[in-house]
Structure formats: structure tokens, C-alpha cells
1. May I ask you to order 107-113, 33-39, 160-166 by the average number of other C-beta atoms within 10 Å around their residues, highest value first?
2. At what distance in nm do the modelled label points of ASN48 and CYS27 sit from each other, each positioned 7 Å from its Cα along Cα→Cβ?
3. Straight distance only, please: which lysines reach the Cα of LYS9 with their own Cα at less than 17 Å, same-chain residues fewer than 8 apart left out?
4. If you wrap a convex hull around the alpha carbons of the range 1-95, what volume per residue comes out, as a whole number of Å³?
5. Report the trypsin sites (Lys or Arg not before Pro) located in the range 1-75 that are in a DSSP loop and have at most 14 other Cβ atoms inside 10 Å of their Cβ, or state none.
6. Using the scaling law 2.2 N^0.38 Å as the reference, what is the normalised Cα Rg of the chain?
7. Given the Cα-Cα distance of PHE96 and LYS55 and 0.36 nm per residue of separation, how much length would full extension add, in nm?
8. Roughly how tilted is helix 81-92, in degrees to the nearest 10 and between 0 and 90, from the longest Cα axis of the chain?
Amino acid sequence: MEERVVELKCSGCGARVAIGQTECEYCHKPVVISTFNSVYSMPAAMVNKYAGAYKKALSETPDNRVLNNSAAMCFLKLKLYDKAQQAFEKAMEDNFDNSETFFYGAICLLKGKKAFMTPRASINKIEEYINAALAIEPKGIYYYFYAYIKYDYFYRKKYNTEPTWEELFLKANEAGYTVYDKERLFEILSVPVPDAFG
């Protein structure tokens, strides 16, 4: 089945662009947000423009995986966790190649709270998503986030679990991550880094 060409207005200059373009030919701003890095340092006003453009385009093509993923990244940056989660879930359908969709979908489920305060059903879903992300791409920061979940939810509540947070922390170090990755993760989570992870 042929996929429909979806057009939208560039969030930077208002020019007509198609989601197949990586950047606007006039202002050189990204057309779609494919990674969280694209919105991480973007001012909230600009992220709002992008979210609005994607929301409008999604009203015509609600199942578009690329648009849902882009909207989800914007909603996460704006800390609109429920909207981000809905968009990530649509983007996850039949998506077996973008590990970030699953990783950031897992982060949304914490809703800016510590894992310790999160309902068990959400923790189970987080584990499902993070395992999917790791199956696609075993990044150190994914293991690090999973170690945090195992530490703050399972270890602190005295649950026995396999793998342990220490084993996942070791895997994170073996796979490699940067101090910047760690700092950014906890900034997105809106929680302090546990002393055990110092």
C-alpha cells in the first residue's frame, strides 16, 4: 500500500513542507523531530509551534507513525506526559526500528515522579518498553534507566528481581554512556540522581 504524502507548515518560517523532508529548504529547521535531542535545547515556544503543526497534521492522518513520534517528543519536552504517552503508543505500532520511541515512552509512564511512587502496572509497562528498546539497540543509557527502575522501585521496596539493579548498572557501564546522558536523563525524569548512582 502506498503511503500518502503528508504536508504541513514549517514551524520555523511557515513554508509548506512534507514530512519526507529532513529540514525546511528555506529556514533549515527540522521538519520532523525524530530524536529527543532535536527538542532538548529548543525553547518551549518553538516546541509548542512544532507540537501544534503535528497536531494539525495528525487530525488528517491520525495513524502516521512519524508524526506521532514527532508529536510525542514535543509533548515529552513540554512535560505533557499523558499526551506524549498516547502519541508514543501510536508511534510504537508496527515500529521495530526506533529504540528511542520505546525508551522515551517508558520515561513518560513515570509522569515526572520517582519510580518508587509509580503504580506497579506502569512499572510493568516500563519494563516492557525498555526491553523492547534494548532489543532494538542495547544502549548504555537504556541499561542505566532500567537500573534506576530496578533500584528505585524494586530494591527500595525490598522486592527480589532479576536482573538486579547492580547487574543492569554494570551492563550500562559496559555498554557505555556519558555524564551528559546521565544528567539529561534525570533532568527529563525530573527527579534527583539516587546516591547509589553517584
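Read-outs: derived from the displayed coordinates by stated rules, not from any lab. These numbers come from a predicted model, not from an experiment. Neighbour counts are summed over all protein chains in view; Cβ atoms, including those assigned to glycine, are modelled from backbone coordinates with ideal geometry.
1. 107-113, 33-39, 160-166
2. It works out to 1.5 nm between the two label points.
3. Counting by Cα, and skipping residues close in sequence, LYS9 has these lysines nearby: LYS29, LYS49, LYS55, LYS56.
4. Dividing the Cα hull volume of the range 1-95 by its residue count gives 90 Å³.
5. Passing both the DSSP loop test and the Cβ count: ARG4.
6. Relative to the rule-of-thumb radius for its length, the chain sits at 1.07.
7. Value of the extension gain: 12.4 nm.
8. The helix 81-92 is inclined about 80 degrees to the chain.
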